[in-house]
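Novice: The structure under discussion is supplied below as structure tokens; questions concerning it will follow.
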Amino acid sequence: MRCLPPLAVLASMLVMPALAQQPTALDWLKSADRARGGVGQGITWNVTVEATEEGDTTSRAFLVKARGDDALVESLAPPRYKGEIMLFNDRTIWFVKPGLRKPVSISARQRLSGLAANGDIASTNYARDYDGTIVGEEDVDGEPTWKLELKARAKNVTYDRIRSWISKKRRLGVKAEFLTVSGDVFKTATFDYGNRLRAAEGSTFEFVSRMTIRDVGGSGAVTVLTYAEPRAETHAPS
């Protein structure tokens, strides 16, 4: 067997540890998930969903209590929806409302309000639900990001495929495209992080304050999810 020259051996020894230290797509997804409720600790927040379609605007308000992969979402307004509850148990969602005799199983992909799906309202766990690959680097509004391609690991998640742009510096998801199985983009989203949340160990981190979803089909439809008052709380398992 031909031996490598000493300089080549030395170079490989220097390069290999450096490559091993590079964050993976999974690392980036876990960091981005944390700022959208994807943490093990209990978190509670309020969210308003304002949908504008064909010139008409509707608004709904919810209280979200999330813990790991589970969540309880209670509709607060308008009055006709008050008391409706969605219970997220891992990837299964149960819907309950006053007068309904027993819970009904619903899909994360079903429309919640405007362009928002049921799965958009609770915590995000892309690291669990998708296989991610880093496919490039791009600037988004002047901010350097990693561009990731995500493919669903199961059929009962919110989207089949997602393109996600994660800030290199802040490790937050700043932009996303949602795709069909065949690869067609049908809506986009941008994210703002004006909230801060205290973690269980006492540190604080940025938390999502707004998700703006836009239709790409030319309808002009826009749905804005505004997150308020995120706070760490203890929630019992679902």
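Novice: If you scan the stretch 134-173, which residues turn out to be without any contact (Cβ under 8 Å) to a residue 24 or more places away in the chain and in contact with an Asp or Glu (Cβ under 7 Å, 6 or more places away or on another chain)?
Specialist: Across the stretch 134-173, the qualifying residues are VAL135, LYS147, LYS151, ALA152, ARG163.
Novice: Working carefully through the options ARG163, ARG171, ARG153, find the one that is at positive phi and of a type outside the set (Ser, Thr, Tyr).
Specialist: Details: ARG163 fails: at positive phi; ARG153 fails: at positive phi.
Among ARG163, ARG171, ARG153, only ARG171 is at positive phi and of a type outside the set (Ser, Thr, Tyr).
Novice: Could you tell me which residue of the stretch 144-157 is nearest to ASN125 (Cα to Cα), considering only residues that are in a loop (DSSP other than H, G, I, E, B) and among the hydrophobic types (A, V, I, L, M, F, W, C)? Reasoning before the result, please.
Specialist: Pass one, the stretch 144-157, residues in a loop (DSSP other than H, G, I, E, B): 153-157.
Filter once more, keeping what is among the hydrophobic types (A, V, I, L, M, F, W, C): 154, 157.
Values: ALA154: 13, VAL157: 10 Å.
The residue in question is VAL157.
Novice: Can you spot a residue in the stretch 42-57 that is touching a residue at least 60 places away in the same chain (Cβ under 8 Å), surrounded by fewer than 21 Cβ atoms within 10 Å (Cβ to Cβ) and among the small types (Gly, Ala, Ser)?
Specialist: Yes, that holds for at least one residue.
Novice: Follow-up. Could you list, in sequence order, all residues of the stretch 82-118 that are loosely packed, with under 13 Cβ neighbours inside 10 Å and farther than 25 Å from THR180 by Cα?
Specialist: Selection gives PRO98, GLY99, LEU100, ARG101, LYS102, VAL104.
Novice: Would you mention how many residues in the stretch 117-133 are closer than 19 Å to ASP184 by Cα and either in contact (Cβ under 8 Å) with a residue 40 or more places away in the chain or not in a strand (DSSP E or B) (or both)? Spell out the reasoning first.
Specialist: Restricting attention to the stretch 117-133, the residues satisfying the condition of being closer than 19 Å to ASP184 by Cα are 117, 130-133.
Okay, now just the ones that are also either in contact (Cβ under 8 Å) with a residue 40 or more places away in the chain or not in a strand (DSSP E or B) (or both), so 117, 130, 132-133.
The total comes to 4.
Novice: Filter the stretch 159-188 for residues that are open to solvent by less than 30 Å² (accessible area, probe 1.4 Å) and within 22 Å of ASP27 (Cβ to Cβ) and give the result.
Specialist: Taking the stretch 159-188 as the starting set, the residues that turn out to be open to solvent by less than 30 Å² (accessible area, probe 1.4 Å) are 159, 162, 164-167, 172-174, 176, 178-179, 183, 187.
Residues satisfying the conditions are TYR159, ILE162, SER164, TRP165, ILE166, SER167, LEU172, GLY173, VAL174, ALA176.
Novice: Sticking with this one: Could you list all residues from the stretch 128-144 that are modelled with pLDDT under 95 and within 15 Å of ARG171 (Cα to Cα)?
Specialist: Correct list: empty.
Novice: When both residues are 6+ apart or on different chains and their Cβ atoms are under 9 Å apart, which pairs have a first residue that lies in the stretch 213-231 and is under 13 Å from ARG36 (Cα atoms), and a second that is open to solvent by 70 Å² or more (accessible area, probe 1.4 Å)?
Specialist: LEU225/GLU50; LEU225/ARG210; THR226/GLU50; THR226/ARG210; TYR227/ARG210; PRO230/ARG196; ARG231/ARG198
The values are calculated or read from the model by the stated rules, or taken from the named source; none is laboratory data. Treat the numbers as computed from the prediction; the structure is a model and nothing was measured. Reconstructed Cβ throughout: ideal geometry from the backbone, glycine too, with neighbour counts over all protein chains shown. These accessible areas exclude ligands, DNA and RNA; they are computed on the full protein's heavy atoms, side chains included. Shrake-Rupley method; radii C 1.70, N 1.55, O 1.52, S 1.80 Å.
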